[in-house]
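Here the structure is laid out as structure tokens; the discussion comes afterwards.
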Amino acid sequence: MNFREPTETNEQAAGQGDVVSQIDTTEKLSEVVAPRTSLFALFWLGVAAIAMMGWICALGWLAWHLVDWLLS
């Protein structure tokens with residue numbers, strides 16, 4: 001058996017009262033002040049940068065000693 005459901009085009013949906021196209025957004029949204037978190041974000045970015053540099057230095061130190069051990 002072959003069941004076919006009729007497909008609906010955009011024009012038909014708009015003619016049937018498509019809810020999305022009927023929404024009117026002319027009302028002004030209230031002004032929301034964004035929280036001032038730039039200092040907090042910069043602090044954590046600095047902490048992450050210090051931790052990253054610590055890992056890079058630790059890996060370099062380990063690599064240096066591994067090469068020194070292999071060559072000795």
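Nothing in this text is a laboratory measurement; each read-out follows from the coordinates by a stated rule. Since the structure is predicted, the reported quantities are computational estimates derived from the model, not experimental observations. Heads up, the Cβs are rebuilt from the backbone with ideal geometry, glycines too, and the neighbour counts pull from every protein chain shown.
Data for the structure
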| quantity | calculated |
| --- | --- |
| Nearest-0.05 FRET efficiency for Ala41 and Val67, computed from C-beta distance (R0 35 Å) | 0.35 |
| Point-to-point label distance, Cys57-Glu31, nm (Cα→Cβ direction, 7 Å offset) | 4.7 |
